[in-house]
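Trainee: The structure's right below; bear with me while I get my questions together.
The values are calculated or read from the model by the stated rules, or taken from the named source; none is laboratory data. Being a predicted model, the structure only gives us computed values, none of them experimental. As a convention, Cβ positions derive from the backbone with ideal geometry for all residues, glycine included, and neighbour counts pool all protein chains shown. Surface areas here come from the heavy atoms of the whole protein model, side chains and all, with no ligands, DNA or RNA. Shrake-Rupley method; radii C 1.70, N 1.55, O 1.52, S 1.80 Å.
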Amino acid sequence: MRRKRNGHIYLPIFLLVATTAHAQAGRHARRLLSGAANEQTFTTLKGNTRPEANPGNDRGAVAGSTRLEHMLLQLQRPPEQEQALQQYLNELGDPTSPNFHKWLSAVEFGSRFGLAQADIDTVTAWLESHGLTVNGISPNLAVDFSGTAAQVQQAFRTQIHGLSVAGRHHFANISDPQIPTALRPAVAGIVSLNDFRPQAFGHALPEYTAGSGRYPVVPADLATIYDFNPAFTAGYSGQGQTIAVLEDSDIYSAGDWLVFRKVFGLARRFPQGQLLLEHPNSGSGTTCVDPGVNGDSLEAALDSEWASAAAPNATIVIASCQDSGVTSGLFVALQNLLSGGAPPSIISISFGMSEPFLGAGGNAFVNSLYQMAVAEGVSIFVASGDSGGAGSDGGAATAFAGIAVNGYASTPYNVAVGATDFVDGYRGNSNNYWSSTNDSSYGSALSYIPEIPWNATCGSELLALSKGFSTTYGSSGFCHNGGPVSVIAGGGGPSACSSGIAGPGDVVGNTCQGYAKPGWQGIVGNPADGVRDLPDVSLFGSNNVWGHYYLICFSDPNNGGRSCLGAPNTWSGYGGTSFTAPIMAGIQALVNQKTGSRWGNPNPIYYSLAATDFGPNGGGCDASAISNGSSCTFHDVTLGDNVVPCTGTNNCFIGPDPVTVGVLSLSNTAYQPAFRSSGGWDFATGVGSVDVWNLLSNWSSAAAAAPGTN
């Protein structure tokens, strides 16, 4: 164990309180299963095969002796127990309820909302009858088990095959798994039988930019633009608060975090800030193994540095675990943090995978974890994604699979954080908002800067207009004439495939259904689509499209880092919703400090405050008209879009000419851009960005009137 006291850096590995399988049994749960599993009839767990598991990628079955460690089988409680849980979560956020803020421990959660012990015994006995080893059961009803590919094939009637995808080797189940029909009432699905991993949401600076100058964002700028400084002056900077950032890599050097804080003036002004590295274990979840430093070390650096920028006196915990083979290390860490004895009050996640790619079992697992988090008073902030409305096509040159959203961010129990850009580069008036010189902390922002959605692609109407194009599509459009063809924009869209079966290629369709719209999301601008919509809130997250981006100290030479020995303008520059989630998590830490309480899911209060700002018909707190001293809690972004280029026939409008590249649209035959910002809530930026001091000042009155969690 390594410790460094002078710099407030601690790197311990904590072993959290163990819980037993019996703690996950509900005290009053009705039995769902009538007896031992009868293997005469089987039910297919549909929607649980990756689209890459196709004949073109198939390299044949893996050896039967191949070990698959820490697979997860997600169980489900009886409908009446699920309804009781929903009611309790709602009451936790209702100040008129006797259950208001009566957070549960993991053991209490399992006891009150678990399965009947006899049902748990039946499921685990069936797994063990096929030679599989049951390692534990977590309070969110996920059974951790291990075995060989042959045992998995025998139990679930699907083979594990090797795949070659874009030059990389993977493995996955080649067909949807099956279970005995007798077990189906208690089983939601298998979380994963493949090694495909979530995507990180940090983006380096592009070669294509439109702004006339460069104004990188440092912590002092963040504090000026989003009105942190009155909060800091009043003593609210995160003292006594803990923010966990979930990672599948360790940070390359804790010294980078120290340098970031020292150079940008945080260490001297806010000396209580500290960094911890944990590899959490709980005794009931998947074993957490130290992942070491790998290609995701960038995320560990930027998450921890910018969470500290927003809450500089808080404790930042890098909770990192190695991928188990079939389960992401992010969720190993989350499951163990929540199953242990003292979960942090705030958690940030800067990774994602679309709902169709997660599959029905994976979505059920994420939802169950976030439900438990809210019950424990934990607020979870998740990056909405960096591919506009095309959540299944992140990292591609063009969108192909149509409209989809990040399944890590689409549950009703988390805050989905999107990304904006500053409009000064588009309007050519940066001198109105940025000083020609830096202060001692390298800050140069003068005030709040009006915002637009972050969009680094040729699908951006504003980017097209700035280059002299009246349209983005067609033979005379920007995308066909040198515009940046990439899928890089702030994520947003409707939940559409949290359950059911996707169409071919995991395109949203077939029997897919999204999460039901939570009551608190009924706000001006939000469509009557009946489903959960993303994002909730946004913050600046651009990667230099219009001359603005974030600076980080990231010195890992093996993964694109740069030395931090020189002036900050020589450091690494990045953008993405990987920044906005930990920053918003830091803002919530200030709220928790000021109110002296955890808040579980804060979305009902965010939306209540936004509704007051916007008014019943919208039009209030338009970001383009806001100046310093505004009383608005949120800045309503009304100009711009997060439309990305596309090919194919899934939500792709090509235009009247037979060109290859179109733009993401609600219609294939008419230009209905997916999505523009507008008055009130919108798919491009949610309720917009936040004024931190007004959020803190208005919180208590809004909390007294806000609806509950659901």
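Trainee: Just give me the residues in segment 477-528 being of a type in the set (Gly, Ala, Ser) and in a strand (DSSP E or B), in sequence order.
Mentor: Correct list: ALA489, GLY493, SER499, ALA516.
Trainee: Looking at SER436, SER460, SER470, can you tell me which residue is of a type in the set (Gly, Ala, Ser) and open to solvent by less than 50 Å² (accessible area, probe 1.4 Å)?
Mentor: The conditions single out SER460.
Trainee: Okay, moving on. Out of (1) open to solvent by 10 Å² or more (accessible area, probe 1.4 Å); (2) touching a Phe, Trp or Tyr at 6+ places or on another chain (Cβ under 7 Å); (3) not aromatic (Phe, Trp, Tyr), what's the single condition that is false for SER304?
Mentor: (1)
Trainee: Cβ contacts < 8 Å: first residue at negative phi and hydroxyl-bearing (Ser, Thr, Tyr), restricted to segment 150-169; second residue open to solvent by 80 Å² or more (accessible area, probe 1.4 Å) and part of a strand (DSSP E or B), any location; separation 6+ or different chain. Result?
Mentor: Short answer, once both residue conditions are applied: SER164/ARG59.
Trainee: Considering only residues that are over 25 Å from the mean Cα position of the chain (by Cα) and closer than 11 Å to ILE587 by Cβ, which ones fall in segment 684-702?
Mentor: Once the filter is applied, which keeps residues that are over 25 Å from the mean Cα position of the chain (by Cα) and closer than 11 Å to ILE587 by Cβ, segment 684-702 yields nothing.
Trainee: Which of (1) touching a Ser or Thr at 6+ places or on another chain (Cβ under 8 Å); (2) under 29 Å from ARG427 (Cβ atoms); (3) open to solvent by less than 10 Å² (accessible area, probe 1.4 Å) is the odd one out, the single condition GLY525 does not satisfy?
Mentor: (3)
Trainee: If I go through segment 66-111 residue by residue, how many of them are in contact (Cβ under 8 Å) with a residue 60 or more places away in the chain, touching a helix residue (DSSP H, G or I) at 6+ places or on another chain (Cβ under 8 Å) and in a helix (DSSP H, G or I)?
Mentor: Of the residues in that region, 9 qualify.
Trainee: Every residue in segment 407-461 that is among the charged types (D, E, K, R) and not in a loop (DSSP other than H, G, I, E, B), please.
Mentor: The answer is ASP421, ASP424, ARG427, GLU451, GLU461.
Trainee: With the condition being of a type in the set (Ser, Thr, Tyr) and at pLDDT 95 or above, I'd like the helices (runs of 4 or more DSSP H) fully within segment 287-387 carrying at least 1 qualifying residues. Walk me through how you get there before you give the answer.
Mentor: Values: elements: 297-310, 329-339, 355-375.
In segment 287-387, 297-310, 355-375 are the helices (runs of 4 or more DSSP H) which contain 1 or more residues that are of a type in the set (Ser, Thr, Tyr) and at pLDDT 95 or above.
Trainee: Please give the number of the condition TYR574 fails out of (1) open to solvent by less than 10 Å² (accessible area, probe 1.4 Å); (2) touching a strand residue (DSSP E or B) at 6+ places or on another chain (Cβ under 7 Å); (3) not small (Gly, Ala, Ser).
Mentor: The single condition TYR574 does not satisfy is (1).
Trainee: For segment 257-286, how many residues meet the condition of being under 30 Å from LEU68 (Cβ atoms), open to solvent by less than 40 Å² (accessible area, probe 1.4 Å) and either part of a loop (DSSP other than H, G, I, E, B) or of a type in the set (Asp, Glu) (or both)? Quick ask: steps written out before the conclusion?
Mentor: Of all residues in segment 257-286, those under 30 Å from LEU68 (Cβ atoms) come to 277-286.
From what's left, open to solvent by less than 40 Å² (accessible area, probe 1.4 Å): 277-282, 284-286.
Okay, now just the ones that are also either part of a loop (DSSP other than H, G, I, E, B) or of a type in the set (Asp, Glu) (or both), so 278-280, 282, 284-286.
The qualifying residues number 7.
Trainee: Let me ask another. Looking only at residues that are under 16 Å from GLN153 (Cα atoms), at pLDDT 95 or above and of a type in the set (S, T, N, Q) in segment 45-78, which one is least open to solvent (accessible area, probe 1.4 Å)?
Mentor: Among those residues, the one meeting the criterion is THR66.
Trainee: Quick one: would you say ARG184 is basic (Lys, Arg) and without any contact (Cβ under 8 Å) to a residue 12 or more places away in the chain?
Mentor: Against the criterion (basic (Lys, Arg) and without any contact (Cβ under 8 Å) to a residue 12 or more places away in the chain), ARG184 does not qualify.
Trainee: Same structure again: Determine whether segment 447-457 contains at least one residue that is of a type in the set (A, V, I, L, M, F, W, C) and in contact with a helix residue (DSSP H, G or I) (Cβ under 7 Å, 6 or more places away or on another chain).
Mentor: Yes; the residues of segment 447-457 include at least one that is of a type in the set (A, V, I, L, M, F, W, C) and in contact with a helix residue (DSSP H, G or I) (Cβ under 7 Å, 6 or more places away or on another chain).
Trainee: Would you be able to say whether some residue in segment 534-546 is open to solvent by less than 10 Å² (accessible area, probe 1.4 Å), closer than 29 Å to VAL661 by Cα and among the acidic types (Asp, Glu)?
Mentor: No, because not a single residue in segment 534-546 is open to solvent by less than 10 Å² (accessible area, probe 1.4 Å), closer than 29 Å to VAL661 by Cα and among the acidic types (Asp, Glu).
Trainee: Right, next: Filter segment 664-678 down to residues that are part of a loop (DSSP other than H, G, I, E, B) and open to solvent by 40 Å² or more (accessible area, probe 1.4 Å) and give me whichever is farthest from GLY490 (Cα to Cα).
Mentor: Here the residue is THR669.
Trainee: Related question: When only residues in segment 220-234 that are more than 25 Å from the chain's Cα centre (by Cα) and under 13 Å from ALA311 (Cβ atoms) count, which is least open to solvent (accessible area, probe 1.4 Å)?
Mentor: Among them, the one singled out is ALA231.
Trainee: Can you list the helices (runs of 4 or more DSSP H) lying wholly within segment 116-233 that have 1 or more residues being under 19 Å from ALA364 (Cβ atoms)? Steps first, please.
Mentor: Values: elements: 117-129, 149-156, 219-225, 229-233.
Helices (runs of 4 or more DSSP H) meeting the threshold: 117-129, 149-156.
Trainee: Could you tell me which of the residues PHE232, PHE201, PHE145 is over 20 Å from SER324 (Cα atoms) and in contact with a helix residue (DSSP H, G or I) (Cβ under 6 Å, 6 or more places away or on another chain)?
Mentor: Exactly one residue qualifies, and that residue is PHE201.
Trainee: Select from segment 679-708 the residues that are among the aliphatic types (A, V, I, L, M), assigned to a helix (DSSP H, G or I) and either modelled with pLDDT under 95 or surrounded by 24 or more Cβ atoms within 10 Å (Cβ to Cβ) (or both) and list them in ascending order.
Mentor: Of all residues in segment 679-708, those among the aliphatic types (A, V, I, L, M) come to 684, 687, 690, 692, 695-696, 702-706.
So of that shortlist, the ones also assigned to a helix (DSSP H, G or I) come out as 692, 695-696, 702-705.
The answer is VAL692, LEU695, ALA702, ALA703, ALA704, ALA705.
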